[in-house]
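For reference, the structure discussed in these notes is given below.
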There are 2 protein chains.
Amino acid sequence: MIAIDWGTSTFRAYLVAGDGTVIDERRSDDGILAVESGRFAEILDARVSDWLDADAGPALMAGMVGSRQGWIEVPYVPCPAGIAEIGAGLRPVEWGRGRQAWIAPGVSCRDDAGIPDVMRGEEVQVLGALDALASPPEWLCLPGTHSKWVRIANGRIDAVTTHMTGEWFAVAKAHTILRRLIEDGPLDELAFEAGVRRASTPGGLLHHVFGVRALGLFGELAGRSAGSYLSGLLIGHELVAVPAPPPRVPIIGSAALTDLYVRAMAVRGIQGTPMATDLVVRGLSRLSAFVRAHT
Amino acid sequence: MIAIDWGTSTFRAYLVAGDGTVIDERRSDDGILAVESGRFAEILDARVSDWLDADAGPALMAGMVGSRQGWIEVPYVPCPAGIAEIGAGLRPVEWGRGRQAWIAPGVSCRDDAGIPDVMRGEEVQVLGALDALASPPEWLCLPGTHSKWVRIANGRIDAVTTHMTGEWFAVAKAHTILRRLIEDGPLDELAFEAGVRRASTPGGLLHHVFGVRALGLFGELAGRSAGSYLSGLLIGHELVAVPAPPPRVPIIGSAALTDLYVRAMAVRGIQGTPMATDLVVRGLSRLSAFVRAHT
């Protein structure tokens, strides 16, 4: 099969053997924001058409390619959503020469107050993680620009909660008064952990972030440590907001981000366990069985 | 006396009669960020030297003019700080022709965790408010880019808590993914109040702000209402963070901001009461009695 992770800013394609081994892999900057409407088939063809000669099997895609700004908008599958529900939500697009490619749907849910939340792309990583883990976890954490916490019940995605942690960190560093205090530098572990601990004290996030400035004014937080403290504050507030987290939480993300979340979770007595990074391929491989049900 | 409110982006001067009446008033864009180091005396002289002919009495200044980026850095007075402590913290600057002007100090405090907080300029408004109110309140609220909540005990400033509410609203609107969803428009009262109520549900601020996007995706929050909802969310989180607020809270701020805070407080069962806007003059007038103690 061909597995494609087509996000906002990156295109990644994998040629996958029947046993799940990745035979070939390609990356480009053709994220969906860089692709003109109507030209998705052309881009896909240009990137992977030579794989077709080898009778590669079905092509499946995950990510923002299925959003309103993508190739077609694939409706979100509501929670609870397991592999069967997500598989039933696959939608085909025409890819020239009579071939179809399949786009995975996102997943949506509503909380007790009726407020919606969504993910698109991460659900395929979660399917890969559920396939990889010996027993399903209570929660999975996918840190990032928009961190996702995914609750699992009966082997299906039961709820998703998004936190704008990464984006607010970047914006605070670049555009608020804190930018003048924060110097780039390696992680200051003590400052990071102090930020995480601060997040579980009273006062609220909007007050705690001002503490970066006040500590700086009194010479109690060095510029090269301020970014680590702010990062700890924001990740700490994300963790505080998760209701009754279990003692172990699998983390799906880049090595650097996963490391930060493992550290932050440790401060709160949670053992974060990093997952493998090939979960999109693993999730799409599992979904490929559902293409037959559609055809 | 001459009362001067010299902040980051604005210079305001008032010629005040012995009975507290404002006789004349001037404003300019000579905020401290626009004044080159060493040229503060020159600017002050250019703006108000003609008032000196009338034997105007002492000149007192409040605001960022006393910060590290200002004329001189006037040390913060630690809490508890009443008019006597703040008066004792006045510092003189030479203003040519043998005259002195006096800069009010800011106020600092530390919370139970030892984290500092500060204000500079607002403390003079608080002194004005304490002079204007028949009995001292438990808390005063000064909404703004950096909202201040000031706790009063025994007629003195007992604690200050800063929330970056206004700045985070501006930055979220301008620099996050939410900017694409938010259209300018008049206040949508229902959306604003829904945001305030949302702030008191579980999930945390970093999650609640993503709700602006998710509600927009499902067509449940119009673009012209999204800014009001976000504003309600942020102000609501500020209110949630205030420990045990009293039933009535005086609010010191512009009419537009005060109106928002009165609405938000009403959702939480608190009666916000707008204060007059001439409190800097009133506070500096009271402080002028302490100039004699220094000279």
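A few notes on this one:
- The residue that is most open to solvent (accessible area, probe 1.4 Å), among those in the range B:127-148 that are without any contact (Cβ under 8 Å) to a residue 40 or more places away in the chain and within 14 Å of chain A (Cβ to nearest Cβ), is B:T145.
- Among residues of the range B:228-262, those that are touching a Pro at 6+ places or on another chain (Cβ under 9 Å) and either open to solvent by less than 50 Å² (accessible area, probe 1.4 Å) or under 18 Å from A:L206 (Cβ atoms) (or both), counted: 17
Listed here are the residues, each with its yes/no results for (1) open to solvent by 30 Å² or more (accessible area, probe 1.4 Å); (2) within 23 Å of the chain's Cα centre (by Cα); (3) not aliphatic (A, V, I, L, M).
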| site | (1), (2), (3) |
| --- | --- |
| B:R156 | yes, yes, yes |
| B:E167 | no, yes, yes |
| B:L181 | yes, no, no |
| B:P186 | yes, no, yes |
| B:A191 | no, no, no |
| B:T201 | yes, no, yes |
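- Residue satisfying all of: in the range A:94-125; farther than 16 Å from A:A159 by Cβ and among the charged types (D, E, K, R); nearest to the chain's Cα centre (by Cα) among these: A:E94
- Only listed residue being on the phi > 0 side of the Ramachandran plot and either open to solvent by less than 60 Å² (accessible area, probe 1.4 Å) or charged (D, E, K, R) (or both), chosen from A:D45, A:D24, A:D55, A:D50: A:D55
- Those residues of the range A:149-179 which are of a type in the set (K, R) and within 10 Å of chain B (Cβ to nearest Cβ), in sequence order: none
- The range A:85-99, residues that are at negative phi and touching a residue at least 24 places away in the same chain (Cβ under 8 Å): A:E85, A:I86, A:G87, A:A88, A:L90, A:R91, A:P92, A:V93, A:E94, A:W95, A:R99
- Residues in the range A:42-66 that are farther than 22 Å from A:V107 by Cβ and under 25 Å from the mean Cα position of the chain (by Cα): A:I43, A:L44, A:R47, A:V48.
- Subset of the range A:8-41 that is among the aromatic types (F, W, Y) and within 20 Å of the chain's Cα centre (by Cα) - its residue that is nearest to A:E73 (Cα to Cα): A:F11
- Taken over the range A:268-295, the criterion of being of a type outside the set (V, I, T) and farther than 26 Å from A:A256 by Cα is satisfied by A:S285, A:R286, A:L287, A:S288, A:A289, A:F290, A:R292, A:A293, A:H294.
- Among the residues making up the range B:180-211, those that are more than 17 Å from B:E238 (Cβ to Cβ), more than 7 Å from chain A (Cβ to nearest Cβ) and outside any loop (DSSP other than H, G, I, E, B) are B:R180, B:E189, B:L190, B:A191.
- Any chance B:V171 is in contact with a strand residue (DSSP E or B) (Cβ under 9 Å, 6 or more places away or on another chain) and either open to solvent by 10 Å² or more (accessible area, probe 1.4 Å) or over 26 Å from A:A174 (Cα atoms) (or both): no
- Residues in the range A:263-274 that are touching a helix residue (DSSP H, G or I) at 6+ places or on another chain (Cβ under 7 Å) and either buried (at least 19 other Cβ atoms within 10 Å of the Cβ) or among the charged types (D, E, K, R) (or both): A:R263, A:A264, A:M265, A:V267, A:R268, A:G272.
- Candidate set from the range B:92-126 (those that are open to solvent by less than 10 Å² (accessible area, probe 1.4 Å) and in a strand (DSSP E or B)); member that is farthest from the other protein chains (Cβ to nearest Cβ): B:A101
- Among the conditions (1) among the aliphatic types (A, V, I, L, M); (2) out of contact with any His (no Cβ under 6 Å at 6 or more places or on another chain); (3) touching a residue at least 40 places away in the same chain (Cβ under 8 Å), the only one that A:L217 does not satisfy is (3).
- Single unsatisfied condition, A:R198 versus (1) more than 23 Å from A:G253 (Cα to Cα); (2) without any contact (Cβ under 8 Å) to a residue 12 or more places away in the chain; (3) in contact with a helix residue (DSSP H, G or I) (Cβ under 6 Å, 6 or more places away or on another chain): (2)
- Residue list for the range A:1-41, restricted to those being in contact (Cβ under 8 Å) with a residue 40 or more places away in the chain and not in a strand (DSSP E or B): A:M1, A:G7, A:T8, A:G20, A:F40, A:A41
- The set of residues in the range A:223-250 being farther than 15 Å from A:G166 by Cα and among the aliphatic types (A, V, I, L, M) consists of A:A226, A:V240, A:A241, A:V242, A:A244, A:V249.
Every residue, every condition in (1) touching a helix residue (DSSP H, G or I) at 6+ places or on another chain (Cβ under 8 Å); (2) closer than 21 Å to A:Q125 by Cα; (3) not in a helix (DSSP H, G or I), yes or no:
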{"site": "A:H237", "(1), (2), (3)": "yes, no, no"}
{"site": "A:V249", "(1), (2), (3)": "yes, yes, yes"}
{"site": "A:Y261", "(1), (2), (3)": "yes, yes, no"}
{"site": "A:A276", "(1), (2), (3)": "yes, yes, yes"}
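- Any chance B:S225 is away from chain A (no Cβ under 14 Å), in a helix (DSSP H, G or I), open to solvent by 10 Å² or more (accessible area, probe 1.4 Å) and touching a helix residue (DSSP H, G or I) at 6+ places or on another chain (Cβ under 9 Å): yes
- Counting the residues of the range A:67-91 that are among the small types (G, A, S), open to solvent by 20 Å² or more (accessible area, probe 1.4 Å) and either within 18 Å of the chain's Cα centre (by Cα) or within 13 Å of A:F40 (Cβ to Cβ) (or both) gives 0.
The values are calculated or read from the model by the stated rules, or taken from the named source; none is laboratory data. All figures in this text were calculated on a predicted structure; none of them were measured in a lab. For neighbour counting, all protein chains shown are included, and Cβ atoms are generated from backbone atoms with ideal geometry for every residue, glycine included. Just the protein is used for accessible areas: all its heavy atoms, side chains included, with ligands, DNA and RNA removed. Shrake-Rupley method; radii C 1.70, N 1.55, O 1.52, S 1.80 Å.
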